[in-house]
Amino acid sequence: MRRQDVSVVDVDWYPPADGDPNLNEILKTINFDQNLLKRINNANKMVIERVKNANPQVVDIISAEEALELPIHTILHSGPPIEWDRMCGPQKRAVLGAIQFEGWADDEDGAIKLLKKEKITLLPCHQYDAVGPMTGIISPSMPVLVTKNEPYGNYGFSTFNEGRGNTLWFGICDMGTLDRLKWIRDTLGPAMKAAVKIHGPINVFEIVEQGIQMGDECHARHVASTALLLKRLIPAMIESGVSRKTVSSVTRFMDENSHFFLNFTLAAVKVTMDSAHNVPYSTIVTAMSRNGVDFMLRVAGLGDNWLVSPVSAMENAVYFTGFSVENAAGDIGDSAIIETCGLGGMAIGSAPSAVGFVGGTFSDAKAAIQKLDTITTARHNRFRMPGMDSRNTPLCIDLRRVVETRITPFITTGVLHETSRTVGQIGTGVADAPVTLFDQALIALVEKWGIKTQSSRVMQTIHIETEKVA
């Protein structure tokens, strides 16, 4: 037609839902049932309002045992529930390290014996209103950030970030790992607690707002946010009477750990999305989580029922020299919840150092954000990307749009070695959420609404009752 000088318009079009007749029938049923559509839109409006109104603040630091009332010999991990034998390599190594840190076993062999005898209980962090990055390990004596969502009164928890090197969150445990965990418990935790007492509650999103303006996307990069936190807390730490030696060691640790603020963001996003959860008829995603083996998806309208499927291989990553996807564990960590709150991949246009994950230029980042706009229902009222004319980040992933367009949210994340006992992180990049999981979630929703489907898919659903901590 062009050769005949006919005016032509190119359209980037694909059959909705990959042409799947059952999914298309579901989408059509929703769109043509005005009463149902009204209920969905009202529910989603409520979810968006709660997310935008959230005001998470770190109000205290106490042990996980006290904060979460953990039963004896219990260890929390990232992702959905999983048995010891099915755990990926890094998560197994981190569990063994936590057992030794708690003093339940003297060495790795002793820790394995306890696990084989089922003397250790392994549960997901989300079951206790908590979150952890990468392997996500939380054990009783670890200090946790007590985070309160002021408008709604709910709480969330996360440990302190261990930093780079041989650490539990990277799936490595040696004597240096254990020494660092003891220092975090005995020195960092009490010093930060004293600083918070003098400073008052730490408004996490206030720091996040500034961090985004300074090059963070607040998932893979927290350099600016960590510096901003350090600037606030050091004077308070000094005024609280913490020794000069301790202030110096804490300052040095935060300076050398550009991920220090990550766990603050994680806990803040957790309380935000929890306050927006459990809204009947909502199609908004309120959490995503992975354990290196399985990917878990939570939807506001499905209550405590989570959908689960296998994780994606880490194919879209930049690997350190000498490593490749063949060495990598599967996608891992509770931190994917960050993308549900307008940060991480949703804010990649604010982070020059992260645009390499989506092509390498700001035009690539802009194109990625425009794609995310098609599967989200709002923009965050507080988070603006300076590299994109200060436009607000996409917010609230809608299942219906993912199913129709086949565009899935991407997660900025790190990559861990599957088998090495001495090598932790081997790369960084993006992970994709499995599109079939969104299909399953939509099918589960419409069946909950009483709409019959012809789907032949076999859904794996788990029910997680959370412990409500006052």
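The values are calculated or read from the model by the stated rules, or taken from the named source; none is laboratory data. These figures come from a predicted structure and were not determined experimentally. We place every Cβ from the backbone using ideal geometry, glycine too, and count neighbours over all the protein chains shown. Please note that ligands, DNA and RNA were not included when accessible areas were found on the heavy atoms of the full protein model with its side chains. Shrake-Rupley method; radii C 1.70, N 1.55, O 1.52, S 1.80 Å.
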Failed condition for Gly163, given (1) open to solvent by less than 10 Å² (accessible area, probe 1.4 Å); (2) of a type outside the set (A, V, I, L, M); (3) in contact with a strand residue (DSSP E or B) (Cβ under 9 Å, 6 or more places away or on another chain): (3)
Anything in the stretch 147-181 that is part of a helix (DSSP H, G or I) and touching a residue at least 40 places away in the same chain (Cβ under 8 Å)? List them, or say none. Leu168, Trp169, Phe170, Thr177, Leu178, Leu181
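Taking the stretch 26-57 as the search range and keeping residues that are charged (D, E, K, R) and not in a loop (DSSP other than H, G, I, E, B), which one is surrounded by the most Cβ atoms within 10 Å (Cβ to Cβ)?
The qualifying residue surrounded by the most Cβ atoms within 10 Å (Cβ to Cβ) is Arg50.
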Residues satisfying the stated conditions in the stretch 214-237, i.e. in a helix (DSSP H, G or I) and more than 21 Å from the chain's Cα centre (by Cα): Ala227, Leu228, Leu230, Lys231, Arg232, Leu233, Ile234, Pro235, Ala236, Met237
List the pairs whose first member sits in the stretch 7-20 and is in a helix (DSSP H, G or I) and modelled with pLDDT of 90 or more, whose second member is open to solvent by less than 100 Å² (accessible area, probe 1.4 Å) and of a type in the set (Val, Ile, Thr), and whose Cβ atoms are under 9 Å apart, counting only residues at least 6 apart or on separate chains? Pro16/Val403; Pro16/Thr405; Ala17/Ile26; Ala17/Val403; Ala17/Thr405; Asp18/Val435
Here is a list of conditions, (1) in contact with a strand residue (DSSP E or B) (Cβ under 9 Å, 6 or more places away or on another chain); (2) free of Cβ contacts under 8 Å to residues at least 24 places away in the same chain; (3) small (Gly, Ala, Ser), and Ala300 meets all of them except one; can you say which number that is? (2)
Could you give every pair whose Cβ atoms fall below 9 Å, whose first residue belongs to the stretch 445-470 and is surrounded by 15 or more Cβ atoms within 10 Å (Cβ to Cβ), and whose second residue is modelled with pLDDT under 75, counting only separations of at least 6 or pairs across chains? Val446/Thr453
In the stretch 238-257, which residues are open to solvent by 100 Å² or more (accessible area, probe 1.4 Å) and either in contact (Cβ under 8 Å) with a residue 12 or more places away in the chain or not in a helix (DSSP H, G or I) (or both)? Glu239, Asp255, Glu256
Select from the stretch 315-366 the residues that are within 26 Å of Met87 (Cα to Cα), aliphatic (A, V, I, L, M) and within 18 Å of the chain's Cα centre (by Cα) and list them in ascending order. Ala317, Ala329, Ile332, Ala336, Ile337, Ile338
Of the conditions (1) surrounded by 24 or more Cβ atoms within 10 Å (Cβ to Cβ); (2) at pLDDT below 85; (3) not acidic (Asp, Glu), Gly344 clears all except one; give me its number. (2)
Working only within the stretch 275-291, note down all residues that are open to solvent by 10 Å² or more (accessible area, probe 1.4 Å) and touching a Pro at 6+ places or on another chain (Cβ under 9 Å). Ser275
Look at Val318 and say whether it is at pLDDT 95 or above and not small (Gly, Ala, Ser). no
Any residue in the stretch 441-457 that is at pLDDT 90 or above and within 21 Å of the chain's Cα centre (by Cα)? yes
List the strands (runs of 3 or more DSSP E) inside the stretch 347-418, counting only whole elements, that have at least 1 residues being surrounded by fewer than 22 Cβ atoms within 10 Å (Cβ to Cβ) and in contact with a strand residue (DSSP E or B) (Cβ under 8 Å, 6 or more places away or on another chain). 376-385, 391-397
